[in-house]
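Chemist: First the structure, which I've put down as structure tokens, then a few questions once you've had a look.
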Amino acid sequence: MLIDDARRRRFLRRTRFGLALLLGAPAVLYCLGLLLSPWLLSAVGERNLTFAFALYLPRILFLFPLFGVVPILLFVEWRLLPLPLLAAVVFWMGAMGWNAGGTSESQPSVPGQTLNVLTYNRGQHMNQSLQPFKNATLPDIIALQEAPGRAAGYTTAAGYEEFMDTADEGEFTVLSRYPIISSSLIEIPAGNRSMQPAARFEIDFAGIRVALYTVHFLSPRDTLSYYRRGAFLYGVLGLPGTPWAEKRRINQQFWDDRIEQARELAQFIEAEPLPTIVVGDFNAPSGGYIHGIFLEVLADAHREAGHGFGYTFPGVTRNPLSGGGPWMRIDYLFCDEHWKTRWCITEPDRPSQHRAVTAQFELLPQVSAAP
């Protein structure tokens, strides 16, 4: 009987160890994946089409397995429970982009010292007025994308009388309380062709010349729709030497061209001699590789002084995972080292495809004092 009891105990120990290994190891690996996700998305991101596809998904999806991981770790080893909690916090703050600081209160600008800038892609605006958010954040400059030839109309439009100057280049329209000195489109290579995804506006900011770049990169909507049928898996399955390697190469070309275009624009902006603000619809989710290209030369206003997630797209939805609202941040305001971001506010609610964003930038003393 003693021998049988010893065998039974050994059997139970081995069974528990096997279950712990079978269930616990994937649970721990999942938590480690969450911990590494902010680094993986920024280091890999659009450089791999599987990661690129994941960037555009509601990221809260990746937290759902936690509901199964916690009971597993309770069974396997309760002392591991801090691991999923830590992983969830890192993912929430890092990969999902929650900013616990900043403010949701706007302040009027100080002439010659601070500049309030609003960016908005008005394509598919669903006939919803921008004026409530404009009146709440009091921008000195409004930069509109997908608004070709609308500058003249705004000069007489009711509710926009405070803007003394307007200008447009291609699809880009800018309204300004300060004089617009000049404007021009910027041509950037995109694979075997060239595109004009940005325009440069030079503005006289109380006697100091500043540069405003407004950006609109091509939407990846068609590419992502194609991936939904399974093509996104080629980023994992299409390793060199596999039957899917060529399909991976073909599907990756879109993202490679996009990355090259972003690098070209970032280098162009980095060479700008004037104090610079860059805004617009980049169609590149925050935390990804392309977003990181611009972070190397510019400061992200939401990261510096925003509050919450700051999601701007896709507006009002039927997606229960996002609470019926947007689930990614693709509309940005950046500034160079000549500015400091005081606050950054994303439009809280409006049934249009994009949400507007306004930030206040303070010109640093050494710049404002310059002749």
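None of the figures in this text is laboratory data; all of them are computed from the coordinates on show. These figures come from a predicted structure and were not determined experimentally. Here Cβ is always computed from backbone atoms with ideal geometry, including for glycine, and neighbour counts include all displayed protein chains.
Chemist: Loop only by DSSP, 12 or fewer other Cβ within 10 Å of the Cβ. Give me the trypsin sites (Lys or Arg not before Pro) in segment 274-371 that pass, ordered by residue number. Don't skip to the answer; put the middle values down first.
Modeler: On the way: sites: R303, R318, R329, K340, R342, R355; in loops: R318, R329, R355.
Those that pass, being in a loop and sparsely packed, are R318.
Chemist: On to the next question. If you plug each phi of segment 293-309 into the Karplus form 6.51 cos²θ - 1.76 cosθ + 1.60 with θ = phi - 60°, what whole-Hz ³J(HN,Hα) values come out, in order, with x for Gly and Pro?
Modeler: Listing the rounded values in order: 4, 6, 5, 5, 10, 9, 9, 7, 4, 5, 5, 7, 8, x, 9, x, 7 Hz.
Chemist: Please state the Cα pair-distance histogram of segment 27-183 with 10 angstrom bins from zero: what percent is in each bin?
Modeler: 9, 26, 20, 21, 15, 8, 2
Chemist: Rank these for me by crowding, W343, W39, W92, W78, going from fewest to most other beta carbons within 10 Å.
Modeler: Working: W343 22, W39 13, W92 17, W78 8.
Going from sparsest to densest Cβ surroundings: W78, W39, W92, W343.
Chemist: Nearest 500 deg cm²/dmol is fine: what mean residue ellipticity at 222 nm does the chain get from its DSSP H runs of n ≥ 4 alone, each adding -39,500 (n - 2.57), divided by its residue count? Walk me through the numbers before you get to the answer.
Modeler: Details: 13 runs with 128 residues, N = 371.
-10000 deg cm²/dmol, from helical runs alone.
Chemist: Can I ask one more? For semi-axes √(5λ) of the Cα gyration tensor in Å, pick the label among (i) 41, 21, 17; (ii) 37, 21, 20; (iii) 46, 23, 18 that corresponds to the value derived from the coordinates.
Modeler: (iii)
Chemist: Could you please rank M126, M195, M93, placing first whichever residue has the fewest other Cβ atoms within 10 Å of its Cβ?
Modeler: Numbers: M126 10, M195 16, M93 13.
Lowest to highest Cβ neighbour count: M126, M93, M195.
Chemist: Under a 10 Å cutoff between Cα atoms, tell me which one of T119, T223, T50 has the largest fluctuation in the Gaussian network model of the chain.
Modeler: So, out of T119, T223, T50, the one fluctuating most is T223.
Chemist: With charges only on Cβ, +1 for K and R and -1 for D and E, what is the dipole size of the chain about its Cα centre, in debye, rounded to 20? Before the final figure, lay out each step's value.
Modeler: On the way: 32 positive and 34 negative charges, 513 e Å.
That gives a dipole near 2460 debye.
Chemist: Counting other Cβ atoms within 10 Å, which trypsin sites (Lys or Arg not before Pro) in segment 185-286 have at most 12 and lie in a DSSP loop?
Modeler: R228, R229
Chemist: In percent, what relative contact order does segment 114-368 have, based on Cα pairs under 8 Å that are 6 or more apart in sequence? Each step should come with its number before you reach the end.
Modeler: Details: 532 pairs, mean separation 51.9, N = 255.
Worked out over segment 114-368, it gives 20 percent.
Chemist: Starting from the eigenvalues of the Cα gyration tensor, five times each then square-rooted, give me the equivalent ellipsoid semi-axes of segment 33-101, largest first, whole Å.
Modeler: Numbers: eigenvalues 119, 37, 22 Å².
Those come to 24, 14, 10 Å.
Chemist: Could you compute how fast segment 154-271 diffuses translationally, taking Rh as the Kirkwood radius over C-alpha pairs and applying Stokes-Einstein at 10 °C with viscosity 1.306 mPa s? Give it in µm² per second.
Modeler: Working: Rh = 17.3 Å.
Value of D from the Cα-based Kirkwood radius: 92 µm²/s.
Chemist: Given Cα pairs under 8 Å that are at least 6 residues apart, what percent is the relative contact order of segment 287-342?
Modeler: On the way: 60 pairs, mean separation 21.6, N = 56.
Across segment 287-342, relative contact order equals 38 percent.
Chemist: With helices defined as uninterrupted DSSP H runs, which ones in the chain have an alpha carbon span along their own long axis of at least 24 Å and mean Kyte-Doolittle hydropathy of at least 0.0?
Modeler: Helix filter hits for the chain: 25-43.
Chemist: Hey, another quick one. Report the residue, chosen from G123, G102, G310, that carries the largest GNM mean-square fluctuation when the chain is represented by alpha-carbon nodes joined by springs under 10 Å.
Modeler: G123
Chemist: So, one more: Please grab the % of Cα pairs in segment 218-315 that end up more than 22 Å from each other.
Modeler: Numbers: 2086 of 4753 pairs.
Percentage above 22 Å: 44.
Chemist: Could you compute the longest span of the chain free of GluC sites (Glu not before Pro) located in DSSP loops and having at most 14 other Cβ atoms within 10 Å, not counting the site residues?
Modeler: Details: sites that count: E77, E105, E161, E162, E296, E337.
Free of exposed loop sites, the longest segment is 163-295.
Chemist: Using Cα springs under 10 Å in a Gaussian network model of the chain, which residue among N121, N48, N319 shows the largest mean-square fluctuation?
Modeler: Evaluated over the chain, the most mobile residue of the options is N319.
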